[in-house]
Amino acid sequence: MMLRLGGWGFALLAACLLAGCETVDTAGNAAAQAAQDAAIRAEAPGDYFVGRRMYKRDYKMWGWVREPGKPWKSSRLVMLNENKVLAPDRARHQIGADNNYEYKLHGHFSGETVYEPASNRFYPEFVLTGHELRSTTPPNIYVQQRQNDPAIRLLQQPQ
C-alpha cells in the first residue's frame, strides 16, 4: 500500500513528526551543568536548605528541596507545612507567581509524609520556618525544560 500526500498532507505530517523533537545543545548544556555543579559544591555549609519552587496547577506539592552542597538529583519533592511561616507566594497572595524561583529555606523535615491526592503519592513534609529569595532566574535543573510549565503534569527528578 502506498500513501500519497499532497502539499498540506506532507506539511501536517512533518509538523506532527517534528513536534516531539527537542533540540539539545550538548556542548552548551555540558558547560552550564559544569558551572552549576561547581556553584553547588561552593555553597557554604549551614543550617539551611536550598529549594526550587515547582508550581503545578493540578498539584499541591511545593517543590524540590536539597541540602547545601548536594546536587539537585539528591533533592526531594516536598509538601510544605506552613503553620509557622507561609510559603513565599502565599505570603504575597500570588500563588504560583514564584514558579522556578530558588530559595534559601530554613526549617526541617518532620519525618512525616503527606498525601497529595492529584498525584496519588505521599511526599515528605518540610516544616518551613523562614525563606530568602536566592534567584528569580536560576539555571535549569530539569532534563526536560517543559517541566517548568505549570500546566504540564510532569514530575521528573532534577538532574
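Quick grid of which residues meet (1) assigned to a loop (DSSP other than H, G, I, E, B); (2) more than 16 Å from residue 132 (Cβ to Cβ):
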{"residue": "37", "(1), (2)": "no, yes"}
{"residue": "43", "(1), (2)": "yes, no"}
{"residue": "47", "(1), (2)": "yes, no"}
{"residue": "50", "(1), (2)": "no, no"}
{"residue": "61", "(1), (2)": "yes, yes"}
{"residue": "69", "(1), (2)": "yes, yes"}
{"residue": "83", "(1), (2)": "yes, yes"}
Within the stretch 64-107, tally of residues that are more than 29 Å from residue 41 (Cα to Cα) and among the hydroxyl-bearing types (Ser, Thr, Tyr): 0
Residues within the stretch 38-85 that are more than 24 Å from residue 149 (Cα to Cα), among the acidic types (Asp, Glu) and under 17 Å from the mean Cα position of the chain (by Cα), tallied: 1
Any chance residue 112 is in contact with a strand residue (DSSP E or B) (Cβ under 9 Å, 6 or more places away or on another chain) and free of Cβ contacts under 8 Å to residues at least 24 places away in the same chain: yes
Matching residues in the stretch 107-138 - criterion: being surrounded by 13 or more Cβ atoms within 10 Å (Cβ to Cβ) and not in a strand (DSSP E or B): 119, 138
Enumeration of residues in the stretch 71-80 that are in a strand (DSSP E or B) and crowded, with 18+ Cβ neighbours inside 10 Å: 77, 78, 79, 80
Cross-chain or 6+ apart pairs with Cβ under 9 Å, the stretch 33-53 first and exposed (fewer than 12 other Cβ atoms within 10 Å of the Cβ), then of a type in the set (Gly, Ala, Ser): 41/69; 42/69; 44/69; 45/69
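Bear in mind these aren't lab numbers, they're just calculated from the coordinates by the rules spelled out. Keep in mind that what you see is a predicted model, and the values were worked out from it rather than measured. Neighbour counts are summed over all protein chains in view; Cβ atoms, including those assigned to glycine, are modelled from backbone coordinates with ideal geometry.
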